[in-house]
1. Only one of these conditions is not met by ASN26: (1) outside any loop (DSSP other than H, G, I, E, B); (2) within 15 Å of the ligand (Cβ to nearest atom). Which number is it?
2. Would you mind finding the one in VAL33, VAL49 that is at pLDDT 95 or above, under 24 Å from ILE112 (Cβ atoms) and within 13 Å of the ligand (Cβ to nearest atom)?
3. Can you work out which of the residues in the range 155-186 that are touching a residue at least 24 places away in the same chain (Cβ under 8 Å) and polar (S, T, N, Q) is nearest to the ligand (Cβ to nearest atom)?
4. Can you pull out the helices (runs of 4 or more DSSP H) entirely within the range 66-154 that have at least 1 residues that are farther than 22 Å from VAL207 by Cβ, among the aliphatic types (A, V, I, L, M) and away from the ligand (no atom under 16 Å from the Cβ)?
5. Could you please find all residues in the range 156-165 being outside any loop (DSSP other than H, G, I, E, B) and surrounded by fewer than 23 Cβ atoms within 10 Å (Cβ to Cβ)?
6. Residues of the range 94-114 being buried (at least 16 other Cβ atoms within 10 Å of the Cβ) and among the aliphatic types (A, V, I, L, M), which ones?
7. Looking only at the range 190-210, count every residue that is surrounded by fewer than 15 Cβ atoms within 10 Å (Cβ to Cβ) and within 12 Å of the ligand (Cβ to nearest atom) and tell me the total.
Amino acid sequence: MDQAGLDQLAADLTAQGKSLWIRQANVAREDEVGTLFQDFVAEHGGIDVVVNNAGITRDGLLIKRKDDKTLRMPLQDWQQVIDVNLTGVFLCAREAAAHMVEQGTGGVIVSISSISRAGQVGQTNYTAAKAGVAAMTVTWAKELARYGVRAAAIAPGYVSTEMTEAIREDIRQRIVDQIPLGRMAAMGEISLALRFVIENDYLSGRVLEVDGALRI
Ligand SMILES: NC(=O)c1ccc[n+]([C@@H]2O[C@H](COP(=O)([O-])OP(=O)(O)OC[C@H]3O[C@@H](n4cnc5c(N)ncnc54)[C@H](O)[C@@H]3O)[C@@H](O)[C@H]2O)c1
């Protein structure tokens, strides 16, 4: 969604002598996802790996008592997170699987879940989506194995990214205090796990947790 960020990434990698193909698309839009995959395959002749990484948060309690009133999580906050974090993963995985199966050369679909999938205060919408991502991963691994397509997920704990930098400093510190390894993950530690999942041809239908021992 972030065209300026994509342009910057392209500039940085081009300067390092690497090449990449960039395209802005909303993963929650069926038409945009369909075109994105079609155009990619037309340009590159096929697709081997898809990483479902796009995600958002709209945190809030299911209900909150304030000044003798009961506030409710807005349906819009529920729906936006489900649209991007669950429907977006479904749409991208569906298009990826269709192209991989048509190619007949197998492939791997990796989706980013979260340790929040087990339940987390203030995240009804996010936890529902991330639990759904974990369950869909198992389903796809079973359905697509006959075509040589694997599906797996990674469940990070807390990672230093724009998403967590947006958390209020005192709350952020309280989170870090609870992580046995005493810090959030660096992005490179998640991409290392991603690489392992992509390269290991016997890994499918599982959720790999990379959380500094946070989840009990
Ligand atoms: N940061 C963490 O601590 C953490 C922990 C567990 C899981 N995750 C998951 O990791 C993934 C990446 O998170 P992050 O921390 O890098 O977040 P981020 O906010 O830094 O980046 C999210 C990216 O998703 C893109 N995006 C948002 N909505 C989109 C849409 N509708 N279509 C296409 N792209 C869209 C944004 O442009 C952005 O580039 C997410 O799925 C997130 O839920 C993050």
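The values are calculated or read from the model by the stated rules, or taken from the named source; none is laboratory data. As the structure is a prediction and not an experimental result, all values here were calculated from the model. In this analysis, Cβ positions are derived from the backbone assuming ideal geometry, glycine residues included, and neighbour counts consider all displayed protein chains. Please note that ligands, DNA and RNA were not included when accessible areas were found on the heavy atoms of the full protein model with its side chains. Shrake-Rupley method; radii C 1.70, N 1.55, O 1.52, S 1.80 Å.
1. Unmet condition: (1).
2. After applying the criteria, what remains is VAL33.
3. THR161
4. Per the criteria, 75-82, 88-103.
5. Across the range 156-165, the qualifying residues are VAL159, GLU162, MET163, THR164, GLU165.
6. ALA96, ALA97, MET100, VAL101, VAL108, ILE109, VAL110, ILE112
7. Residues that pass the stated criteria total 1.
A quick yes/no check of all residues on (1) in contact with an Asp or Glu (Cβ under 6 Å, 6 or more places away or on another chain); (2) in contact (Cβ under 8 Å) with a residue 24 or more places away in the chain; (3) of a type in the set (D, E, K, R):
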{"site": "LEU9", "(1), (2), (3)": "no, no, no"}
{"site": "GLN16", "(1), (2), (3)": "no, no, no"}
{"site": "ALA28", "(1), (2), (3)": "yes, yes, no"}
{"site": "ASP39", "(1), (2), (3)": "no, no, yes"}
{"site": "GLY46", "(1), (2), (3)": "no, yes, no"}
{"site": "LYS69", "(1), (2), (3)": "no, no, yes"}
{"site": "ILE82", "(1), (2), (3)": "no, yes, no"}
{"site": "ASN85", "(1), (2), (3)": "no, yes, no"}
{"site": "VAL110", "(1), (2), (3)": "no, yes, no"}
